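Novice: Below you'll find the structure I mean.
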Amino acid sequence: MDTAITETEGAASQLGTRVVSNSLFILAARTVSRVISLVVVIALANSLGDANYGRYTTLVAYSGLVSVLADLGFAPLYTREAARNRGSLGDYLGTLVVFRLALAALAAVVFALALGLGAGLANLIVPGCALLVATAYANLLRNTFYAVGRAEFDAIAIVAEVLIQGGLIFAGARSHADVAFFVWAYVASQVFVIAYTLTVIRAFGLGRVRLGLNLGLIRRWLPLALPFAFTFFLTNLYFRAGVLILQQFRSFAEVGWYTFAYKPFEALQFVPLAIQAVVYPLLGVYFVSDATRLKVAYERFYRVLILLGWPLTVATFVLVHPINQVFNRSGAFAQSEQSLRILAFAIVFLFVNSAFYAMLNAMNRQHLNAWATAIAAAINIALNLALIPFYGFLAASATTVVTEAALCAGGWWFVQRGRPELRLAVIGLVWRMLLAGLVMGVVLYPLARFSIFISAPAGFAVYLVALYLLRAVDPEELRLARAGVLARMGRGRTA
């Protein structure tokens, strides 16, 4: 027992010293990859046109729903348990790699039926199934980096992955390739991630993978993993329900307008997810070792999410026209501008939800995450079914905002339920940041008629000045950020 406690405390210390620098590494990599990815998506969408882009994004929506069968919640559970029990990482991963073969086969059959019978996309079954399986393995393997606090390895994979996608997609756009080609392009990038991750795990001794099927482990983990799976499915359901319902009631072209506007909104999700991937293992270790540090980490995580998410909400709403001008090169997506203006209000909720999601999972309360997500999904589906037949893609946009807000409220409530010491002062902790964002919005409004490359940097500068004048960022938080970066730089020089 004492040995287990000592190992857990050691893991907490190691992860804690790396959390800031790891977050910065992943954020930098995700930022580069998302910028490239957005450029790539613009090329893809404008090459395919609104109807074929609608077909492509419909395939992605169905893939998101079915992918839960290829994982069943084992990947996030593996991250948490491997972080707590580093010596068993190889056994955990070896069992999950083998077990995933059966899960992937089941998921591929269901996905093929969904594409052929539900979406009318039978010609995309083979590349779609290949993408589903490759992505499932890539996501499982790269979670190892976060479990051991070596997120810099995934930062490399992220950039390489998007460069492969970009090269193939630009080639396809130039040759006017069909939808299937672009799906295969994403398959190629996931195959690279699988090969790269296995190589790094072995070469750097992150874990000794021992292939085998430990049915006892599967039986023990299954009831713990299913809430993760249920939450993941419901999250994808409310993220994708608008697309699926639009596809049933409206044309593929209207699906394309909505998903084209949704892409910038969805792309921003990488920011909270990148930080969450680093912070989540730390929260899980603090939960079993240090309640005081858990509360402090929770509050700081929330503040960072508001610090980043709120100005993006304000800037997207004010600058929606110049943003759409950058994306809409072919002129086929002019209607998307209205959708993006509505979706801007959901960005801040999208960010904050990561804090509640990570906390519930870290506290072994993933079942409450499932409940919060179920409520949000029910609201999303009900509103979409009621409003999309009449208002189309604009209804799907507004429903997304309501859903994100509902999930935020539910997550906040469930974290503190039975744990009053974890009650979060949602406004009191961040009111200065909110005010700084509004100041930025006022300055941006008259600049909206200029290019995004002029207005966006100006808004960013104003936001930084407002944060400084309002003292919105705690000096201790700045000290921790500097210390994390300097520590990482020092390790790099030593290496």
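Novice: Modelled label-to-label distance, Thr292 and Asp178, 7 Å Cα→beta-carbon offset: nm?
Specialist: Inter-label distance under the simple model: 6.5 nm.
Novice: Using the 2.2 N^0.38 Å rule of thumb for compact globular proteins, work out how the stretch 332-406 stacks up: its C-alpha Rg over that value, please.
Specialist: Compactness ratio reported: 1.27.
Novice: Place a +1 charge on the Cβ of each Lys and Arg in the chain and a -1 charge on the Cβ of each Asp and Glu, then give the dipole magnitude about the Cα centre in debye, rounded to the nearest 20.
Specialist: 660
Novice: How big is the gap, in Å, between the Cα center of the stretch 194-251 and the Cα center of the stretch 401-467?
Specialist: Computed from Cα coordinates, the inter-centre distance equals 30 Å.
Novice: Follow-up question, since we're still on this one. Would you mind putting 48-55, 36-43 in packing order, based on average other-beta-carbon counts within 10 Å, highest first?
Specialist: Packing order, densest peptide first, comes out as 48-55, 36-43.
Novice: How would Trp184, Trp310, Trp413 rank on accessible area, largest to smallest, probe 1.4 Å?
Specialist: The most accessible residue leads, giving Trp413, Trp184, Trp310.
Novice: Using θ = phi - 60° and the Karplus relation 6.51 cos²θ - 1.76 cosθ + 1.60, list the HN-Hα couplings for the stretch 425-438 in order, rounded to whole Hz, with x at every Gly or Pro.
Specialist: Result, rounded to whole Hz: 7, 5, 9, x, 6, 9, 4, 5, 5, 4, 5, 4, x, 5.
Novice: Something else about it: Using the Kirkwood formula over every pair of different C-alpha atoms, what hydrodynamic radius in Å results for the chain?
Specialist: Taking the inverse mean of 1/r over all distinct Cα pairs, the chain comes out at 23.3 Å.
Novice: Okay, next question. Per DSSP helix of 4 or more residues, -39500 (n - 2.57); summed, then divided by the residues of the chain. What does that give at 222 nm, rounded to the nearest 500?
Specialist: Taking each H run of at least 4 residues, the total per residue is -29000 deg cm²/dmol.
Novice: Can you find, among Leu424, Leu89, Leu124, the residue sitting farthest towards the positive end of the charge dipole of the chain, where Lys and Arg contribute +1 and Asp and Glu -1 at Cβ?
Specialist: Comparing the listed Cα positions along the dipole, Leu89 ranks first.
Novice: For the stretch 48-103, max minus min Cα coordinate along each principal axis, in Å, sorted largest first?
Specialist: Ordered largest first, the stretch 48-103 gives principal extents of 51, 22, 15 Å.
Novice: Okay, next question. Answer with one residue from Ala362, Phe204, Ala225: the one whose Cα lies farthest towards the positive end of the charge dipole of the chain, charges on Cβ with Lys, Arg +1 and Asp, Glu -1.
Specialist: Among Ala362, Phe204, Ala225, the one farthest towards the positive end of the dipole of the chain is Phe204.
Novice: Just read off the accessible area of Arg417 with the full protein assembly in place, 1.4 Å probe, to the nearest 10 Å².
Specialist: Here the residue's solvent-accessible area equals roughly 120 Å².
Novice: Could you compute the FRET efficiency for Leu113 and Phe453, with r as their C-beta to C-beta distance and R0 at 41 Å, rounded to 0.05?
Specialist: 0.35
Novice: Same structure again: Express in nm, to one decimal, how much length is gained between Leu469 and Ile427 on full extension, taking 0.36 nm for each residue of separation and deducting their alpha carbon distance.
Specialist: Separation in residues times 0.36 nm, less the Cα-Cα distance, equals 13.2 nm.
Novice: While we're here: Return a whole-number percent for the relative contact order of the chain, with Cα pairs under 8 Å and 6 or more residues apart as the contact set.
Specialist: Relative contact order for the chain comes out at 21 percent.
Novice: What's the magnitude of the charge dipole for the stretch 133-204 around its Cα centre, counting Lys and Arg as +1 and Asp and Glu as -1 at the beta-carbon? Answer in Debye, nearest 20.
Specialist: Value, rounded to 20: 120 debye.
Novice: Give me the distance in nm between label points sitting 7 Å out from Cα along the Cα-to-Cβ direction at Leu215 and Val98, one decimal.
Specialist: Here the modelled spin labels are 1.1 nm apart.
Novice: Then there's this: Quickly rank 221-231, 455-465 as a protection proxy: mean count of other C-beta atoms within 10 Å, highest first.
Specialist: Highest-to-lowest ranking by the protection proxy: 221-231, 455-465.
Novice: Could you calculate, for the stretch 298-441, the ratio of the Cα radius of gyration to the Kirkwood radius, expressed as Rg to Rh?
Specialist: Computed over Cα atoms, the ratio is 1.02.
Novice: With +1 assigned to the C-beta of every Lys and Arg and -1 to the C-beta of every Asp and Glu, and no other charges, what is the dipole magnitude of the stretch 76-183 about the Cα centre in debye, to the nearest 20?
Specialist: Computed charge dipole of the stretch 76-183: roughly 180 debye.
Novice: Quick one: grab Rg to one decimal and Dmax as a whole number for the stretch 378-432, Cα atoms only, in Å.
Specialist: Expressed in Å, the Cα Rg and Dmax of the stretch 378-432 come to 15.5, 46.
Novice: Report, as a whole number in µm² per second, the diffusion coefficient that Stokes-Einstein gives for the stretch 122-279 at 4 °C and 1.567 mPa s using the Kirkwood radius over alpha carbon pairs.
Specialist: This corresponds to a translational diffusion coefficient of 71 µm²/s.
Novice: Let me ask something additional. What does the highest-first list of 193-201, 60-68, 432-440 look like by mean Cβ count within 10 Å?
Specialist: 60-68, 432-440, 193-201
Novice: Between Leu38 and Arg419, take the C-beta separation as r, use R0 = 45 Å, and let me know the FRET efficiency to the nearest 0.05.
Specialist: According to the calculation, E is roughly 0.70.
Novice: List, in order, the whole-Hz ³J(HN,Hα) value for each residue of the stretch 459-475 obtained from phi through the Karplus relation with A = 6.51, B = -1.76, C = 1.60 and θ = phi - 60°; use x for Gly and Pro.
Specialist: Per residue, the Karplus-derived 3J(HN,Hα) values read x, 4, 5, 4, 4, 4, 5, 5, 4, 5, 5, 8, 6, 7, 9, 5, x Hz.
The values are calculated or read from the model by the stated rules, or taken from the named source; none is laboratory data. Note that the structure is predicted; figures quoted are calculated from it, not measured. All Cβ positions, even for glycine, are placed from backbone atoms using ideal geometry, and neighbour counts span all protein chains on display. Surface areas here come from the heavy atoms of the whole protein model, side chains and all, with no ligands, DNA or RNA. Shrake-Rupley method; radii C 1.70, N 1.55, O 1.52, S 1.80 Å.
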